[in-house]
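All of the numbers you see were taken from the coordinates with simple rules; none came from a lab. Since this is a predicted model, take the numbers as computed values, not measurements. Quick reminder, even Gly has a Cβ in these numbers, built from the backbone with ideal geometry, and neighbours come from all protein chains shown.
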Amino acid sequence: MTSMKQLGVLDYVDAVSVHAYVAGAPEQTAWQFAAIKDIVGDGVALVSGEWGWATCSDASGAPANCVGGTMPDVVSQADQAMYVARQWLGNALARVPLSIYYEWMNDDDDDAQCESNWGLNNANNGAPKPAYHAALTVQNLVGTRPVKEPRIRNKKKICERGRPPTFRLFHRTYDAHPVGGAVGVRAGKRTKAN
C-alpha cells in the first residue's frame with residue numbers, strides 16, 4: 001500500500017477493500033484498518049470487503065477444527081454470531097462505510113470442510129444460522145444511526161434527549177462459558193433477546 005501511495009496510484013482510487021480474515025475476535029483487526037487508513041489518508045474510503053468465520057463440526061455435531069482451512073481456531077455457530085455482530089459494530093466505530101460478510105450461505109452440507117461452512121445460512125435447507133439473526137439484529141438496532149463510543153463517566157445514559165438517536169457500543173469480553181441470549185439496546189433500554 002505504501003508503494004501504491006508513493007507511485008501516486010491512490011490519487012485515482014476512491015476506496016480500498018480490506019479482507020481482514022483473522023483467527024479469533026474481530027477486534028484484532030482495528031490496528032490493520034488504522035494502519036491502512038494512515039497510509040491512504042482521508043480521501044480514500046476503507047471498505048470491509050470480505051471476511052468471516054467458518055463453523056465446522058465433527059460427526060457428533062460438536063464444533064471442531066475445519067478440514068482444509070487456514071484458521072487454527074474452533075468457531076461454534078454462537079461464536080460466529082457474536083463475531084459478525086462485533087465485526088459490523090467495530091467497523092461502524094472505525095467509520096468503515098461498508099461491511100461485507102463472507103458468505104451468505106454455506107457452500108454445501110459437508111460440516112467438516114472449511115470452504116463449506118462460512119455462511120450465515122445452511123446450504124441444505126437455507127435455514128438461518130445464529131449469525132444471520134445477529135447480523136439482522138445489528139441492522140435493525142443500528143441501521144443508519146451513527147455509532148459512538150460510550151462516555152465512561154455516564155454509562156447509564158445511552159440515548160440522550162434532544163439529539164439524534166445514536167447507538168452506543170458497550171463491549172464486554174466473556175470467557176469460554178456460554179452466555180444465554182443476546183443483549184441489545186433499543187430506545188435507550190438494555191434488553192435481553194429471547
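Output the antiparallel fraction of DSSP beta bridges having both residues in the range 14-148, as a percent to the nearest 5.
Bridges in the range 14-148 that DSSP calls antiparallel: roughly 20 percent.
Roughly how many Å is it from the Cα centre of the range 103-120 to that of the range 40-61, as a whole number?
14
What order do you get for 125-135, 109-119, 2-12, 57-67 when each peptide is scored by the mean count of other beta carbon atoms within 10 Å, highest first?
109-119, 125-135, 57-67, 2-12
Based on the Cβ-Cβ distance from Ile39 to Glu103, what FRET efficiency comes out when R0 is 30 Å, to the nearest 0.05?
After rounding, the FRET efficiency stands at 0.60.
Suppose each label sits 7 Å from its Cα in the direction of the beta carbon; what would the Tyr12-Trp31 distance come out to in nanometres?
Once both label points are built, they end up 3.4 nm from each other.
Give the peptides 17-24, 100-107 in descending order of average Cβ contacts within 10 Å, highest first.
100-107, 17-24
Once phi is turned into θ = phi - 60°, what whole-Hz ³J(HN,Hα) does the Karplus curve with 6.51, -1.76 and 1.60 give for every residue of the range 109-115, x standing for Gly and Pro?
Rounded to whole hertz, the list is 8, 7, 5, 8, 7, 4, 5.
What ranking do 74-81, 39-46 get when scored by the average of other Cβ atoms within 10 Å per residue, highest first?
74-81, 39-46
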